[in-house]
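Student: Please find one structure pasted underneath; my questions will follow.
Please treat every number below as a calculation from the coordinates, not as lab data. Worth saying up front: this structure is predicted, and the values here are computed from it rather than measured. FYI the Cβ positions are ideal-geometry reconstructions off the backbone, even for glycines, and counts take in every protein chain you see.
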Amino acid sequence: MQVTSVKAAIFDMDGVILDSQGLATRAWSRAVADLGYRLTEELNLELVGRNVPDSNAILCRALGPEFPLEAARRAAREFFVALTPATGVPLKPGVESLLDFLESKGVRKAVATSTPRPACVRHLQHWKLLDRFSVVVCGDEVPSGKPAPDIFLQAARLLNVQPAECVVIEDSFAGIRAAHAAGMLPIMVPDLKAPDDEIRALAYRVVPNLDGARQVIAALI
């Protein structure tokens, strides 16, 4: 993987900026169980990082075409809200200090998340983070979701930088595959699932937390 000087950092949101993936998997597990189906841990983790159409396809393929998708999504949203602390979905440790560092170095910043725009904006506004990103691209705004590279390539276009000048901070397998396919430098900060050999090979670095990501980026600037 060719390394170039970094001009932009593109963040996934769920599992990277927000400590939301555990809440989401618990909500989905309960919603599916209440409808009389079983969502295995493996299948639940397969949904991580995927947009709505892709996760719908994954669920129908695994649970059958008669699986009540809309009822499950409504229930999962309700359970997610019920599980969320009164203070909001927690931030991942180190988010604000990493943003401070990038701003001090003049590195452009974007969010590229599979989450639809209304929910993405709501979460970022809650933590007063929306204005700290010059670009936000959401899963309902590109033709193909992760692991396709579309969302990251769109973020690079809007940032007016070349893909090779971007680092991507991701927690999901789909996100690492997408960033690699986009010709960017994927930095994995694992959340619910540790990387396997394939993902380690695709990632530029695997680090334990966002402070580790900051150190990797500092060496590339």
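Student: Between rounded, prolate and oblate, where does the stretch 111-167 land on the alpha carbon gyration tensor, with a ≥ b ≥ c its root eigenvalues, rounded for a/c under 1.5, else prolate if a/b exceeds b/c?
Tutor: Verdict is oblate for the stretch 111-167.
Student: Sort 168-181, 44-57 by packing, meaning the average of other beta carbons within 10 Å per residue, with the highest value first.
Tutor: So the peptides 168-181, 44-57, ranked by packing, come out 168-181, 44-57.
Student: Counting only C-alpha contacts under 8 Å and six or more residues apart, can you give the relative contact order of the chain as a whole percent?
Tutor: So the answer I get is 27 percent.
Student: At 222 nm, what helix-only mean residue ellipticity would the chain give, in deg cm²/dmol to the nearest 500, using -39500 (n - 2.57) for each DSSP H run of four or more?
Tutor: After summing the helix terms and dividing by the residues of the chain, the value is -14000 deg cm²/dmol.
Student: Using only alpha carbon pairs under 8 Å that are at least six residues apart, calculate the relative contact order of the stretch 126-190 and give it in whole percent.
Tutor: Rounded, it is 30 percent for the stretch 126-190.
Student: Given [x] 28, 24, 18; [y] 25, 23, 16; [z] 29, 18, 15 as candidate values of semi-axes √(5λ) of the Cα gyration tensor in Å, which corresponds to the one derived from the coordinates?
Tutor: The value computed from this structure is option [z].
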